[in-house]
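Undergrad: So that we are looking at the same thing, I have put the structure below in structure tokens.
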Amino acid sequence: MKKNIYIYIIAFIIIFLLLLIAAIKVIDKPHIEKSIYVASMTPQEMEAGLKDGAIAGFISWEPYPAKTVFEGYGRYLVNSSDIWKNHPCCVLAISDNIKDEDMIGALVWMHIKSTRFINDPINWNTVVNYGSDFTGVDKTAISIAINNTEYLEFPDMDETRKVFEIMSRTGVLKKSPASMGYENVDELLSNLILAEYYNETWKKLDVDPDWIPNAVDGNIRLGYIDGDLHQLGIYVAAQEGYFNQIGLIPDKNIHLMKFRNGVTLTNALDQREVDAAAFGMTPLLMYRVNENGKVYVINGLNSGGSSLIVRVDSDIQSIDDLNGKTIATPGFGSIQDVILRKMFDEFTIRTV
């Protein structure tokens, strides 16, 4: 009996010593800091930088990632939907120029119809053709890009809250909800995102898919980002006659205006040059919070559709392989920048 006890004691001591040695090795192991360098570029500059090796990769919106893959020098490393499901991206918003509730409801109806047209598999070939016409990119690349993009009718409130929190933490948003007169983030977002128009419209369409609201009376200027496949619904609405059905005739009483990016669109909203806009949730949040912009979300446009692209001939196989390398985004505060910060949350991010 005593012999067995001695054996147990010796075994315990050996196990204890082994665990102690392992712990010492972990403690003594030097911490290796991982970092990336981030440059701000236009999508065209990203393409050129990837080709000539100035950057190791880039995060951009479709169809630019698909275009680099189709042209043979780019390769998908990570899609935004893979690391952040249901993240908000682009939205349809109105300024306080629009007072007519019938106009708001008609715009919501228009985009729900467009989104459902895009998502109906029966329309696949037509949607690819529209995407190619809208962006000027080859149909094969557009097919890849559309498959990487989720076209949706309304933004996910929970995920939008996460975007707000990341932007606040990184200093993009300069005010807190309390300083703006709100009890919390949820109250601010409920004021910003007008769900009642969407809820009323989808319920009517669920009862009667052919329901059309009364034609509106008035003029509207609608801005969107040129060639951004996330905003394909605007082009579909024009091509499928959804604008006409609600009394908005392109180039007559609805003027579709192209812009280079979300910053130029928020400037146009601020200068009262547009009444409504299709653009990113993040520049919209910056405009609302930092500039007290009078803007309201009435529809979602998409989730996903942003990707991290690296050179096809590189040895980069994972996020960790980008340690010490430079990648490009459209700029600080863009949804791609927010996605990057979530993607590289264990890295030190340095701006160049």
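Undergrad: Could you check segment 33-48 and list, in sequence order, the residues that are small (Gly, Ala, Ser) and part of a strand (DSSP E or B)?
TA: Residues satisfying the conditions are Ser35, Ala39, Ser40.
Undergrad: Does Gly74 meet the test of being over 23 Å from the mean Cα position of the chain (by Cα) and in the same structural domain as Ile335 (by TED's automatic domain parsing)?
TA: no
Undergrad: For segment 269-310, which positions are more than 23 Å from Ser60 (Cα to Cα) and aromatic (Phe, Trp, Tyr)?
TA: Taking segment 269-310 as the starting set, the residues that turn out to be more than 23 Å from Ser60 (Cα to Cα) are 269-276, 288-296, 298.
Tyr296 - this is the single residue of segment 269-310 that is more than 23 Å from Ser60 (Cα to Cα) and aromatic (Phe, Trp, Tyr).
Undergrad: Here are some conditions: (1) in a loop (DSSP other than H, G, I, E, B); (2) touching a Phe, Trp or Tyr at 6+ places or on another chain (Cβ under 7 Å); (3) modelled with pLDDT of 95 or more. Gly293 meets all but one. Which one does it not meet?
TA: If we test Gly293 against (1) in a loop (DSSP other than H, G, I, E, B); (2) touching a Phe, Trp or Tyr at 6+ places or on another chain (Cβ under 7 Å); (3) modelled with pLDDT of 95 or more, just (3) comes out false.
Undergrad: Moving on to the next point. Just the residues that are more than 16 Å from Leu92 (Cα to Cα), in contact with a strand residue (DSSP E or B) (Cβ under 8 Å, 6 or more places away or on another chain) and not in a strand (DSSP E or B), please, taken from segment 245-272.
TA: Within segment 245-272, Leu248, Asn253, Arg260, Arg272 qualify.
Undergrad: Right, next: Has segment 215-223 got any residue that is crowded, with 19+ Cβ neighbours inside 10 Å, in the same structural domain as Leu285 (by TED's automatic domain parsing) and either over 21 Å from Tyr296 (Cβ atoms) or in contact with a Gly (Cβ under 6 Å, 6 or more places away or on another chain) (or both)?
TA: yes
Undergrad: Just the residues that are closer than 27 Å to Ile212 by Cβ and in contact (Cβ under 8 Å) with a residue 40 or more places away in the chain, please, taken from segment 246-283.
TA: Residues satisfying the conditions are Ile246, Gly247, Leu248, Val274, Asp275, Ala276, Ala277, Ala278, Phe279.
Undergrad: I want to confirm something. Restricting to segment 79-111 and keeping residues that are β-branched (Val, Ile, Thr) and surrounded by fewer than 20 Cβ atoms within 10 Å (Cβ to Cβ), which single residue is nearest to Glu150 (Cα to Cα)? Before you say what the answer is, go through the steps one by one.
TA: Looking only at segment 79-111, we keep the residues that are β-branched (Val, Ile, Thr), and these are 83, 91, 94, 98, 104, 108.
Right, trim to surrounded by fewer than 20 Cβ atoms within 10 Å (Cβ to Cβ) and you get 83, 98.
Details: Ile83: 14, Ile98: 28 Å.
Result: Ile83.
Undergrad: While we're looking at this one, here's another question. Among the strands (runs of 3 or more DSSP E) lying completely within segment 49-134, list those that include at least 1 residues that are closer than 30 Å to Gln271 by Cβ.
TA: 57-61, 90-95
Undergrad: Okay, moving on. Of the conditions (1) modelled with pLDDT under 95; (2) loosely packed, with under 15 Cβ neighbours inside 10 Å, Asp120 satisfies every one except a single condition; which number is it?
TA: Condition (1) is where Asp120 drops out.
The values are calculated or read from the model by the stated rules, or taken from the named source; none is laboratory data. Remember, predicted model here, so these are calculated numbers, not experimental data. Glycine also receives a Cβ, built like all others from the backbone with ideal geometry; neighbour counts cover every protein chain displayed.
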